[in-house]
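A.B. asks: Here it is, the structure in full.
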Amino acid sequence: MSIELTLISRGYCHLCHDMEEALNPLAAEFAATVSVVDVDADPALEAKYDELVPVLLHGDHELCHYFLDVAKVREYLAGIR
């Protein structure tokens, strides 16, 4: 089973870039793919997540926002593997 994560991000957000970089080793550890989605390109996403970005999702499940919670995400990914 492939794990697909979504990072809700925006281009000019340094926290977004930081989370994406921090997520790379964790994604590699669990063979997960990460899709980066620009929150500003989708009015519905912008309405929902505007002030929360970056937001890491697995499907509709929010794993964390603002900063990568490595321990929480690792525990979650281990539980769905």
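A.B. asks: If you check every pair at least six apart or on different chains, which have Cβ atoms under 9 Å apart with a residue in the range 62-78 that is at positive phi and basic (Lys, Arg) first and a residue that is assigned to a helix (DSSP H, G or I) and surrounded by 13 or more Cβ atoms within 10 Å (Cβ to Cβ) second?
C.D. replies: none
A.B. asks: Given the structure, is LEU7 assigned to a strand (DSSP E or B), open to solvent by less than 60 Å² (accessible area, probe 1.4 Å), closer than 21 Å to ALA71 by Cβ and in contact (Cβ under 8 Å) with a residue 12 or more places away in the chain?
C.D. replies: yes
A.B. asks: In the range 34-81, what count of residues is obtained for those that are closer than 15 Å to ILE3 by Cβ and open to solvent by less than 70 Å² (accessible area, probe 1.4 Å)?
C.D. replies: Residues flagged as closer than 15 Å to ILE3 by Cβ and open to solvent by less than 70 Å² (accessible area, probe 1.4 Å) within the range 34-81 amount to 13.
A.B. asks: Restricting attention to the range 59-78, report how many residues are part of a strand (DSSP E or B) and either modelled with pLDDT under 95 or in contact with a Phe, Trp or Tyr (Cβ under 7 Å, 6 or more places away or on another chain) (or both).
C.D. replies: 1
The values are calculated or read from the model by the stated rules, or taken from the named source; none is laboratory data. Quick caveat, the model's predicted, so the values are computed rather than measured. Glycine also receives a Cβ, built like all others from the backbone with ideal geometry; neighbour counts cover every protein chain displayed. Heavy atoms of the whole protein, side chains included, go into the accessibility calculation; ligands, DNA and RNA do not. Shrake-Rupley method; radii C 1.70, N 1.55, O 1.52, S 1.80 Å.
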